[in-house]
């Protein structure tokens, strides 16, 4: 077993670009698009969360007690209003499409073709 480890490379390979825009999860393109959006949002949220962790660590090293100040911070009324407006704008830009009503609702229900939905 000791030899097996020596035979493995100890460096990372170059980035390999995939055909992620061609991925299919189900036989319904709309559900696949939702999956892509959810995965994309998850990666963006994680990138921001990780960046915030780094920023908080560096700031806390420079200004001890910063973490407790962040946790204890109470926004002003003006900040609450501004932040609520930003939140509402974000929600509108991201999620409004989920409330769209199709123009033609006749025909087969596309979820009938999705194998993992329990209809019992």
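The values are calculated or read from the model by the stated rules, or taken from the named source; none is laboratory data. It should be emphasised that the depicted structure is a prediction, and the values quoted were computed from it without experimental measurement. Counting neighbours? That spans all protein chains shown, and the Cβs are built from the backbone with ideal geometry, glycine included.
Assorted remarks:
- Residues that are in contact (Cβ under 8 Å) with a residue 40 or more places away in the chain and within 18 Å of residue 97 (Cβ to Cβ), drawn from the range 22-33: 28, 30, 31
- Restricting attention to the range 61-85, the residues being assigned to a helix (DSSP H, G or I) and surrounded by 10 or more Cβ atoms within 10 Å (Cβ to Cβ) number 12.
- Condition check for residue 54: out of contact with any strand residue (DSSP E or B) (no Cβ under 6 Å at 6 or more places or on another chain), outside any helix (DSSP H, G or I), farther than 29 Å from residue 99 by Cβ and modelled with pLDDT of 90 or more: no
- Inter-residue pairs, beta-carbon under 8 Å, first at positive phi and in contact (Cβ under 8 Å) with a residue 24 or more places away in the chain and in the range 35-53, second surrounded by 10 or more Cβ atoms within 10 Å (Cβ to Cβ) and assigned to a helix (DSSP H, G or I), 6+ apart: none
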